[in-house]
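The values are calculated or read from the model by the stated rules, or taken from the named source; none is laboratory data. Small disclaimer: the values here were computed from a predicted structure and weren't measured. Cβ: placed from backbone, ideal geometry, glycine included. Neighbour counts: every protein chain shown.
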Amino acid sequence: MNSSQLAERQSSEKLQRENNRAIQVEGLTKTFHDQERGLVTAVDQISFHCDYGEVVGLLGPNGAGKTTTLRMLSTVLAPTRGSAFIAGKSVENDPLEVRKNIGYLSANTNLYLRLTPRETLKYFGSLHGLKGEQLDQKIAELLSVFQMEDFADVRCEKLSTGMRQKVSIARTVVHDPPVLILDEPTLGLDILVASTMMKFIEQFKERGKCILFSTHIMGEVEKLCDRIAVIHRGQLLALDSLQGLRDQTQEQYLEDIFFSLIQDEVKDGSR
Amino acid sequence: MNVPLVKCMEPETSSLNLGVYRWLSLHYLIEVALISALKELFIIYMRELRLLLRDHHTLIYSCAIPLFLYPVILFVVFQAMSLVKGWQESEVSDVAIVGSVEIDTLEKILFDEPSILQIYLEEDGALGRARSRLSEGDLDAIVELTGGEKEGEPIMVWLTFNSAYDASVSAKSRMEKVIEKFQTRLFELQAIRLGKQEVLDLALQVEEKDISSNIERSNLILSQILPLLLMVILVMGAFYPALDLAAGERERQTLETSLIAPVSRWKLVSGKYLAVVSFAWVAFILNLASMTFSLKHILVQIDVQAFSISFSSLWVILLGGMFLAGMISAILLVIAFTARSFKEGQSMMTPVYAVLILPISVTLSPQLELSAFWACVPVVNAALVFREVLQESYNWPLIVLTLITSIIYTAIAITFASWFISRESFLFGEGQSSWFSFLRRRAES
Ligand SMILES: Nc1ncnc2c1ncn2[C@@H]1O[C@H](COP(=O)(O)OP(=O)(O)OP(=O)(O)O)[C@@H](O)[C@H]1O
Ligand SMILES: [Mg+2]
């Protein structure tokens, strides 16, 4: 076996491994042309990966580029440079397959307010290929898991924020996707609904799924995440387990770790 | 003995298998590619329909207004007319009477009619002057008596009126009653004089003459204004759904929700398009039904000259309407996508109306005929087909050409809209350095 064959085999093995990853991001970059600010680099050459059975938290101050990153992963936005694969499917070349394999939730994915929760689930379920009894069963299951039976046939415009969020999360998992991408899923929720949400994420993880979610709440990250990504000004500052980050920064609490990472960056920037 | 038989069978079975495979793979292709695509399209379409049906604006503009427009208009017209009729009844009709045959009998009858002011004309040339006064509306009717000089010769009654004036029309109906009485009276007199029954039908002949030329013109205008009105309704019926499904979606922040569904963007846009077409068409049909009903029932009741539009080939009219609905919906959807919010879309309503109604009203000109050239001009072609169809002249090659070009334009519009909603500036509502933002700024100011 000569060296080129060896390199080829190695690279194909690498590809194989990467294909088995839930999320594989390589040099992902997004720039915007803004009328006031000129060229804005919202996400700057980010690379990371997430595996199945793993919860990864995305932390970062406002405007760090979290939403933009997750939008690119959900195929809503096209990357300027770099690549991203979800369940082995390219975000750029195979967006339809990517959408089939993810559940995406963000502040900008509002519900159709004129539909009822049941109709919403039916719509997304049937677009994902569920039909007949299978679909009805799935809907019934989700309605009971999220305790939505009482308002299953009330139009979403009449529901409270928490109720709507429950409908939204049910909508993202109606097709039982292997990967969940959630942008601030607990935004505006009381602690009861928020903890239901967290419990659900945990259960999802136990079933071997991959969850990538962004948040501003340190407690959620500490409790739930296997690994934590900190991003600031579009750049990935760290991605490690809580213990790993503690070792790296010599801080105990996540809040302090966060400050320490970001202040380092600020100092770097001012130098 | 079986061996040759089997050998003989073999190629046949394999070719059969091949055929089955081919059929199966074709079947598979159809099943997977076409049916599943249609299914997805249908799911999206039904969802959009449901959203629209639960929106008050859409229901008002696409269903209620088209349905009640004509009854309301005609009710107003009806009220106005009965008011006018009341005035007319209290007004005296000026009727000129020319000739001297049996004038005494007529005079006696007219004596009992206070609503008719009769003017007797005797001098030469008076008839000519009376005619010109009639055409100007100064005089309401002319009654001319001739014949009856010899025994057995019938008496002719010439009743001339001008249907351009309502006063003249009512003078005519008053005179008709008088002439009827006149006729009966003459019969009686003749019967007494001759003692015979046979000559009676010879006694009087009545000729009516309308000197108005306006009647045709007004009918012609009406037969072109009504289709125009129908088209205006169609634009109105399509605009709100288009706005709701495009700009409204952005405003309600459900655009990303739609985009993350596992379907391609052209299906998303096509689903919206079909929903808009459906509403435009419903508006059109309701309006057509309302128009037909109103013209047939209400106008007949109030005894008005009915407009001469033939509704005999209804299905062709529906087809023509569908042409127009298809084209207009595509254009409106594209325009609605460029609006950032519902409000902005509404402010675009007026220019859009102007832009769309202009080519449609071009079809009012009778010189403009459907030709190969016009069949390739969007909207105008559909409007012309619609007009031709209403006039029951079918130029099938050109209709087919219009259909083909309309489908092409619609496909272009959908492709454009699919591309447009993929643009970042569309997602975030900030179109820059494009003519859209220019137009938008103009619309805002
Ligand atoms: N459409 C856009 N046009 C121009 N700039 C944009 C656009 N979208 C995002 N940005 C910029 O990109 C950067 C990252 O934004 P992003 O929304 O990803 O931040 P975030 O981490 O989600 O913040 P938050 O915590 O406030 O949600 C910001 O500077 C933002 O102004
Ligand atoms: Mg965000």
Quiz prompt | Among residues of segment A:219-253, those that are over 16 Å from A:LEU182 (Cβ atoms) and touching a residue at least 60 places away in the same chain (Cβ under 8 Å), counted | solution = 7
Self-check item: Close pairs from segment B:99-116: first closer than 14 Å to B:ILE179 by Cβ, partner among the polar types (S, T, N, Q), Cβ under 7 Å, at least 6 apart
Solution: B:GLY99/B:THR146; B:VAL101/B:THR146; B:LEU110/B:GLN118; B:ILE116/B:SER93
Quiz prompt | Odd one out for A:LEU182, checked against (1) touching a Phe, Trp or Tyr at 6+ places or on another chain (Cβ under 6 Å); (2) away from chain B (no Cβ under 14 Å); (3) within 16 Å of ligand 1 (Cβ to nearest atom) | solution = (2)
Quiz item: Can you find even one residue in segment A:54-68 that is within 16 Å of ligand 2 (Cβ to nearest atom), within 30 Å of A:LEU245 (Cα to Cα), part of a helix (DSSP H, G or I) and within 12 Å of chain B (Cβ to nearest Cβ)?
Solution: yes
Quiz item: Among the residues of segment A:140-156, is there at least one that is touching a residue at least 24 places away in the same chain (Cβ under 8 Å), outside any helix (DSSP H, G or I), of a type in the set (Gly, Ala, Ser) and more than 10 Å from chain B (Cβ to nearest Cβ)?
Solution: yes
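May I ask you to say which residue of A:GLN243, A:GLN263, A:GLN235, A:GLN203 is under 21 Å from A:PRO61 (Cβ atoms) and loosely packed, with under 14 Cβ neighbours inside 10 Å? Quick ask: steps written out before the conclusion?
Numbers: A:GLN243 fails: under 21 Å from A:PRO61 (Cβ atoms); A:GLN235 fails: loosely packed, with under 14 Cβ neighbours inside 10 Å; A:GLN203 fails: under 21 Å from A:PRO61 (Cβ atoms).
Result of the check over A:GLN243, A:GLN263, A:GLN235, A:GLN203: A:GLN263.
Working carefully through the options B:SER258, B:SER270, B:SER278, B:SER212, find the one that is over 29 Å from B:ALA354 (Cβ atoms), modelled with pLDDT of 90 or more and not aromatic (Phe, Trp, Tyr). Explain how you work it out, then say what you get.
Details: B:SER270 fails: over 29 Å from B:ALA354 (Cβ atoms); B:SER278 fails: over 29 Å from B:ALA354 (Cβ atoms); B:SER212 fails: modelled with pLDDT of 90 or more.
Result: B:SER258 is the single residue among B:SER258, B:SER270, B:SER278, B:SER212 that is over 29 Å from B:ALA354 (Cβ atoms), modelled with pLDDT of 90 or more and not aromatic (Phe, Trp, Tyr).
May I ask you to say which residue of B:LEU106, B:LEU134, B:LEU74 is under 35 Å from the mean Cα position of the chain (by Cα), assigned to a helix (DSSP H, G or I) and at pLDDT 80 or above?
After ruling out the rest, the residue left standing is B:LEU134.
Just checking, how many residues over segment B:51-71 are surrounded by fewer than 17 Cβ atoms within 10 Å (Cβ to Cβ) and assigned to a helix (DSSP H, G or I)? Let's see the steps before the verdict.
Kept after step one, since they are surrounded by fewer than 17 Cβ atoms within 10 Å (Cβ to Cβ), are these residues of segment B:51-71: B:53-54, B:56-57, B:59-60, B:64, B:68, B:71.
The next check asks that each one be assigned to a helix (DSSP H, G or I); those that pass are B:53, B:56-57, B:59-60, B:64, B:68, B:71.
Total satisfying the criteria: 8.
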Exercise. Collect the residues in segment B:351-391 that are at pLDDT below 75 and β-branched (Val, Ile, Thr), keeping them in residue-number order.
Key: B:ILE360, B:VAL362, B:THR363, B:VAL389
Quiz item: Which ones in segment A:21-64 are polar (S, T, N, Q), under 25 Å from A:SER260 (Cα atoms) and within 10 Å of ligand 1 (Cβ to nearest atom)?
Solution: A:THR41, A:ASN62
Exercise. Please state which of the following conditions A:ILE46 fails to meet, knowing it meets all the rest: (1) within 16 Å of ligand 2 (Cβ to nearest atom); (2) within 13 Å of chain B (Cβ to nearest Cβ); (3) not aromatic (Phe, Trp, Tyr).
Key: (2)
Exercise. State the number of residues belonging to segment A:19-71 that are closer than 22 Å to A:VAL98 by Cβ, out of contact with any Gly (no Cβ under 6 Å at 6 or more places or on another chain) and of a type in the set (Asp, Glu).
Key: 2
Self-check item: Residues of segment A:70-123 satisfying the condition of being part of a strand (DSSP E or B) and either among the β-branched types (Val, Ile, Thr) or away from ligand 2 (no atom under 16 Å from the Cβ) (or both)
Solution: A:ARG81, A:GLY82, A:SER83, A:ALA84, A:PHE85, A:ILE86, A:LYS89, A:SER90, A:ILE102, A:GLY103
Self-check item: Any pair with Cβ under 8 angstrom, 6 or more apart, that starts in segment B:255-283 at a residue that is more than 12 Å from chain A (Cβ to nearest Cβ) and ends at one that is in a loop (DSSP other than H, G, I, E, B)
Solution: B:LYS272/B:ALA246
Quiz item: With respect to A:LEU254, is the statement that it is at pLDDT below 95, away from ligand 2 (no atom under 16 Å from the Cβ) and either within 15 Å of A:GLY60 (Cα to Cα) or of a type in the set (D, E, K, R) (or both) true?
Solution: yes
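Output the residues belonging to segment A:126-139 that are at the interface with chain B (Cβ under 10 Å from one of its Cβ atoms) and surrounded by 14 or more Cβ atoms within 10 Å (Cβ to Cβ).
Here is the first cut: in segment A:126-139, the residues at the interface with chain B (Cβ under 10 Å from one of its Cβ atoms) are A:126-129, A:131.
If the condition is that a residue be at the interface with chain B (Cβ under 10 Å from one of its Cβ atoms) and surrounded by 14 or more Cβ atoms within 10 Å (Cβ to Cβ), then A:SER126, A:LEU127, A:HIS128, A:GLY129 are the ones that fit.
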Quiz prompt | Residue check, A:THR80 under 13 Å from the mean Cα position of the chain (by Cα), at pLDDT 90 or above and within 14 Å of another protein chain (Cβ to nearest Cβ) | solution = no
Practice problem: Identify the residue in segment A:65-75 that is touching a Leu at 6+ places or on another chain (Cβ under 9 Å) and either within 15 Å of ligand 1 (Cβ to nearest atom) or at pLDDT 95 or above (or both) and, among all such residues, is farthest from A:GLU92 (Cα to Cα). | Solution: A:LYS66
Exercise. Select from segment A:92-109 the residues that are more than 16 Å from ligand 1 (Cβ to nearest atom) and not charged (D, E, K, R) and write down the one among them that is farthest from A:MET148 (Cα to Cα).
Key: A:ASN93
